[in-house]
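Take a look at the structure below.
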There are 2 protein chains.
Amino acid sequence: MVATIYDVARAAGVSPSTVSRSLSVPDLVNAETRLRVQQIAAELGYRPNRAARGLITGRTGNIGLIVTDLSNPFFPEVVKGVQGRARESDYSVLLADTGEDPTVEVGLIRALCKQVDGIVLCSSRMSETDLRGVTGDTLTVLLNRRVSKVPAVTIDNADGIRQAVAHLQALGHHRVGYVAGPRTSWSNRERLRGLRAATTPAGLDLVEVGAVAPTFAGGVAAADLVLSAGVTAVIAYNDLIALGLLNRFRAKNVSVPGDISVIGVDDIMFSEMVSPSLTTLAQPKEQLGRVGVDLLLQLLQDADPSGAARRTVTSQLVIRSSTGTAPPAR
Amino acid sequence: MVATIYDVARAAGVSPSTVSRSLSVPDLVNAETRLRVQQIAAELGYRPNRAARGLITGRTGNIGLIVTDLSNPFFPEVVKGVQGRARESDYSVLLADTGEDPTVEVGLIRALCKQVDGIVLCSSRMSETDLRGVTGDTLTVLLNRRVSKVPAVTIDNADGIRQAVAHLQALGHHRVGYVAGPRTSWSNRERLRGLRAATTPAGLDLVEVGAVAPTFAGGVAAADLVLSAGVTAVIAYNDLIALGLLNRFRAKNVSVPGDISVIGVDDIMFSEMVSPSLTTLAQPKEQLGRVGVDLLLQLLQDADPSGAARRTVTSQLVIRSSTGTAPPAR
DNA sequence: TGGGAGTCTGCAATCCTTTGCAGGAGGTTG
DNA sequence: CAACCTCCTGCAAAGGATTGCAGACTCCCA
């Protein structure tokens, strides 16, 4: 059997309380005693039983992480960030994947919330009502989404989009397309908003191309729509879609960036592996996860932060080979 | 406060024991009583406290999942499988990523083992000694690795490699290269072994190209070595490396498959997105995860299975555009 | 010398479930 | 009618850690 606090107590000739205190509130016990206890605990390989501790403290030492789709290379990076930061503070991460389905998302949260101290919810696709329901129950930090009164860390979409549009404008483009992602995605709405804010004053035309799945196949499907929209540049909701566009353009012998420039969002690993390599708005994926946990842990300490806490991280345009000067008007 | 078993008991006019039994061993209680209890429990939104239950049963309801590197698209798929199967049986998944470092792997396992009922260890890079140390402590299922006396699910590498070699042979190749992955990888050793077993009797020459990191950069780095090895076809440890090769070949104007054929292993999403699309040995990634959990759960039931349990899943060659007939000898 | 402050330590209750054991009710059998 | 069995339910004891409270001891000062 594994060593308990009683075993350590017996071996050290003290009471269990003293052992407990030596390990979790060291200041309260005499230095000499504490040292002896700690050493014996180490010798016996004592590790506190989390269940027992959790029973009394009400803390589990776990945080829940819910992502929409692990197959999208964006999310594993966020997971890494979350996981790394959590471990630094001795928290464990319970991971769940919703497969882009808001219904399972609700179910997963319900299932998870009893076993965690808080939840990090990444790119949630839930309705605001549902969201508010669960955030009332359990301390939740939103990633890539903003809802009033709920703690969140978001990426400065407006600023990123501005960089992208400025780049295109500098290259002489006048009419740019936007391939929209899921309507339920907050980021999608924000990017669209940023796009309008950036194009209108600059006198650029903006053409929105119907919502598609945020996947490679979605991009392939959107490619022909983009071509028929008569744009010289296109910004995709994410890199996966952009990669789909690139693939289909090549198949149709549409030159990139000769005939059309393409910009993605995320900067997933593969964006620099394809050819032409993809110009993209790099999102600080791992940082997003880290900051999310940071915020969560902080909120876990200060009982109530008197209102929602907010963090913002910034993205940066990475210019590669999929963007170039606008083709001369025919 | 959240409802406990006592609240339900009081509301239903029975003892806590009856409530507990109504929910977890329904057969032991009168149908009528059971129904009433269950209904009231539902009304009160009662959810058993896992910590309390775990304290007495010794079970946590969690399983630990340790992967080497989430950034490699192979692993998220495995994670999905594990996660999906676990949830079906009402288990949660604690995820950790080692970053290909055996040292942190040991640490993570130590940290995790107290909080889980069992561990799924995917593509472990630990030494056999270390491995044996941890598997003694905690029920562990290995994925992509085999060590005597330890439950494991593996992919039939020999068979897969045979398919790949047969394909190359049919295309007229006589001298094939193998870009090796991490020396600490069991899969790497197995693939090399399978390669020797498949090439020798067929009279093919096999050239091993030094071990590289199982990443895109690793592949880029290996490309020139491959070219200088004078082979007409190359099999890479995994798709990431193969993609690296492809990238570097293109940069050097080496035609694929005109000058050299390339085969990867894994069939990650991007293998069909590049051009030429990659011929690859498709691994049943998600299934690997599912079967791993299956096995773990089963072992968790039957106290001791009187020896190590084994499962094998099979891979299949997917032929795309990166392989073709061997170039005529010069 | 007495009293107060300060420092440690131990007792015992508590967190919430599960489960072995025993007992009550009702029915069956010899 | 007694003995016994079955079926269901409740009592009470874990399980391992944390923590409020109180006691013991030392030390200092008046």
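Values for this structure:
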quantity	calculated
Helices (runs of 4 or more DSSP H) contained entirely in the stretch A:1-73, each with at least 2 residues that are surrounded by 13 or more Cβ atoms within 10 Å (Cβ to Cβ) and either within 13 Å of another protein chain (Cβ to nearest Cβ) or more than 13 Å from DNA strand C (Cβ to nearest atom) (or both)	A:31-44, A:50-57
Any hit, the stretch B:122-139, residues being among the β-branched types (Val, Ile, Thr), surrounded by fewer than 17 Cβ atoms within 10 Å (Cβ to Cβ) and over 21 Å from B:Thr60 (Cβ atoms)	yes
Qualifying residue in the stretch B:10-23 (condition: touching a Leu at 6+ places or on another chain (Cβ under 9 Å) and more than 8 Å from DNA strand D (Cβ to nearest atom))	yes
Qualifying strands (runs of 3 or more DSSP E) (wholly inside the stretch B:104-214; at least 1 residues being within 14 Å of another protein chain (Cβ to nearest Cβ))	B:118-122
Yes/no for B:Asp90 being closer than 17 Å to B:Cys122 by Cα and in a loop (DSSP other than H, G, I, E, B)	no
Count of residues meeting criterion [within 9 Å of DNA strand D (Cβ to nearest atom) and among the hydrophobic types (A, V, I, L, M, F, W, C)] in the stretch A:24-40	2
Search result, residues across the stretch A:232-253 that are under 17 Å from A:Ala211 (Cβ atoms) and part of a loop (DSSP other than H, G, I, E, B)	A:Tyr237, A:Asn238
Candidate set: the stretch B:74-94, residues that are among the basic types (Lys, Arg) and facing chain A (nearest Cβ under 8 Å); chosen: the one farthest from B:Pro284 (Cα to Cα)	B:Arg87
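A quick yes/no check of all residues on (1) touching a residue at least 60 places away in the same chain (Cβ under 8 Å); (2) buried (at least 18 other Cβ atoms within 10 Å of the Cβ); (3) among the basic types (Lys, Arg):
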residue: A:Leu192; (1), (2), (3): no, yes, no
residue: A:Val212; (1), (2), (3): no, yes, no
residue: A:Ala217; (1), (2), (3): no, no, no
residue: A:Tyr237; (1), (2), (3): no, yes, no
residue: A:Ala251; (1), (2), (3): no, no, no
residue: A:Met269; (1), (2), (3): yes, yes, no
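Coordinate-derived values only; no laboratory data. Source: prediction; values computed, not measured. Counting neighbours? That spans all protein chains shown, and the Cβs are built from the backbone with ideal geometry, glycine included.
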